[in-house]
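Just below is one structure, and these are the notes that go with it.
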Amino acid sequence: MLFVIGILNLNTMIINPNKYLNDAYKNHYAIGAFNTSSLEITQAIFEAAAKLQAPIFIQISQKAIDYAGLDNLISIIKNEDKLYKIPVFLHGDHFTNLEIIKECLKAGFTSIMFDGSKLDFLENISMTQKVVREAKKYNAAVEAELGSVGGSEDYIKNKAQMSDPEKALQFIEETGIDSLAVAFGNAHGIPNAKEKLDFKLLEKINKIVKIPLVFHGASSTKSTDIIRAISLGIAKINIDTDIRLAFSNCIKKFQTSHPDIYDPREILTSAKEAVKKIVEEKIKLFELERKKL
């Protein structure tokens, strides 16, 4: 069942996510956050979410902007938004530059993730405060990262550094962020069989900070681990690599099995359907507890 909280503009469902995130946190489910960089991927995300009547974060990274152009991506997203009556949170993923953040907020982003993971603790606080002040002008939410989620993806290349629970509380109190991306053994990019999530650390952070937590690098994470993480405060889960793999692997298989087809519309339609399937699977998993409400 679709629930709608605090819609600010009846002409759009692209809104501030905070009430939804807090509801997810309170009721132990998570909202899916899916990265896009193209028309086909955007359509797949919207179609999957609309089918399940689920709220979604649709995320744009700096690399996606460099590839497709900010205006192009926003136009695609806003056009899709007109077709479906689902809550959508237009989110900037792993932004590090304040000027780009300002540009995106002016363009209609309702949520921003500032990544200060490469800064020292006090610098991270200072920069995050600036982002929060700017976001408040547009009634936009702010997510920030403490510690460093490892791995490599887009322009992100970090060595893992676990989040410190005590610093997390100070960080939240001094910055006023709405959600916190935590590092508890998770990593960006291609799945690593050696990845081991520290649920005791996640539980400790959750008990101390009491705001929605965000799971980055969740692609191909075991379903049982996803469910456990949600029970320990995770309210937003980012998926990017699984989407890319579904898209690219489908194209490879399609071209192998249909060597005579050269129409990109046919090739890309099959890839879109593969992404749609992945997004549906993820939303169903993330929202298991919501369905019981």
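The values are calculated or read from the model by the stated rules, or taken from the named source; none is laboratory data. Keep in mind that what you see is a predicted model, and the values were worked out from it rather than measured. Positions of Cβ are generated from backbone atoms using ideal geometry, with glycine treated the same way; all protein chains shown enter the neighbour counts.
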Problem set entry | Yes/no for residue 173 being at pLDDT 90 or above, among the acidic types (Asp, Glu) and surrounded by fewer than 19 Cβ atoms within 10 Å (Cβ to Cβ) | yes
For this session: Working only within the stretch 28-56, note down all residues that are under 17 Å from residue 244 (Cα atoms) and part of a strand (DSSP E or B).
Result: 32, 33, 34, 35
Exercise. Which of the residues spanning the stretch 57-98 are at pLDDT 95 or above, among the hydroxyl-bearing types (Ser, Thr, Tyr) and assigned to a loop (DSSP other than H, G, I, E, B)?
Worked result: none
Problem set entry | Boolean, residue 58 is over 30 Å from residue 289 (Cβ atoms), of a type outside the set (Asp, Glu) and touching a residue at least 24 places away in the same chain (Cβ under 8 Å) | no
